[in-house]
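The structure under discussion appears below in the form of structure tokens.
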Amino acid sequence: MYEIRFHGRGGQGAVLASKILAKALVEEGKHVKAIPAFGFERRGAPVAAFLRYDDQPIRKVTNIYNPDCIICLDPTLPNSVDIYQGMNPNGVLVMATKKDKKALNLPKGLSKIGLCDAFGIALSIFGRPITNSIMLGSLARTTGMVSLEALNKGMESVAFRDAALDKNVEAVRRGYEETRVY
């Protein structure tokens, strides 16, 4: 079983990203559980969402405490939240940042790192810092766990309006193309 924890801020779409990824992984034949984390979140407050997938049916419906992969939708979060808490050794990090890897305070032992200027891409496409679809493209590039085609089908099932769907498809593509993988 592979476990992913999304970290973002209210309004950036972390929960929606986990839902889209779940639909995309189902499209590729995986068994998936996406668990949103709701509480007193408000726009700008730290939020988390959880997803696990496997080739076998999944019965576990808990939060994820030892993720194999962390997706961080906001580069300022590690300053206020320990997003790396419980991360499995040799884990994968996918982070929205325009900084270089050397400028980041990263935990030791990461097997792979994907960095993407998701804010810059989001502002150019949406005019707002909504990074979720961009980071799904970045995840696809960094890990190869899901195809762009499956992500696009996952987005279609979320019922975006046509113009929004087109922009999100572009966002996924640009996230994929502009991610630096280490």
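The values are calculated or read from the model by the stated rules, or taken from the named source; none is laboratory data. No experiment lies behind these values; they were computed from the predicted model shown. Positions of Cβ are generated from backbone atoms using ideal geometry, with glycine treated the same way; all protein chains shown enter the neighbour counts.
One table, with the values for the structure above:
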{"read-out": "Qualifying residue in region 68-80 (condition: loosely packed, with under 12 Cβ neighbours inside 10 Å, of a type outside the set (A, V, I, L, M, F, W, C) and out of contact with any Pro (no Cβ under 6 Å at 6 or more places or on another chain))", "value": "yes"}
{"read-out": "For GLY109: the one exception among (1) crowded, with 17+ Cβ neighbours inside 10 Å; (2) touching a Pro at 6+ places or on another chain (Cβ under 6 Å)", "value": "(1)"}
{"read-out": "Filter result for SER138 (buried (at least 24 other Cβ atoms within 10 Å of the Cβ), modelled with pLDDT of 95 or more and not hydrophobic (A, V, I, L, M, F, W, C))", "value": "yes"}
{"read-out": "Residue tally, condition modelled with pLDDT of 95 or more and out of contact with any Lys or Arg (no Cβ under 8 Å at 6 or more places or on another chain), over region 66-81", "value": "3"}
{"read-out": "Answer residue from region 1-24, given it is outside any strand (DSSP E or B) and more than 13 Å from the chain's Cα centre (by Cα) and is surrounded by the fewest Cβ atoms within 10 Å (Cβ to Cβ) among those", "value": "MET1"}
{"read-out": "Test: residue in region 112-123 that is under 17 Å from the mean Cα position of the chain (by Cα) and aromatic (Phe, Trp, Tyr)", "value": "yes"}
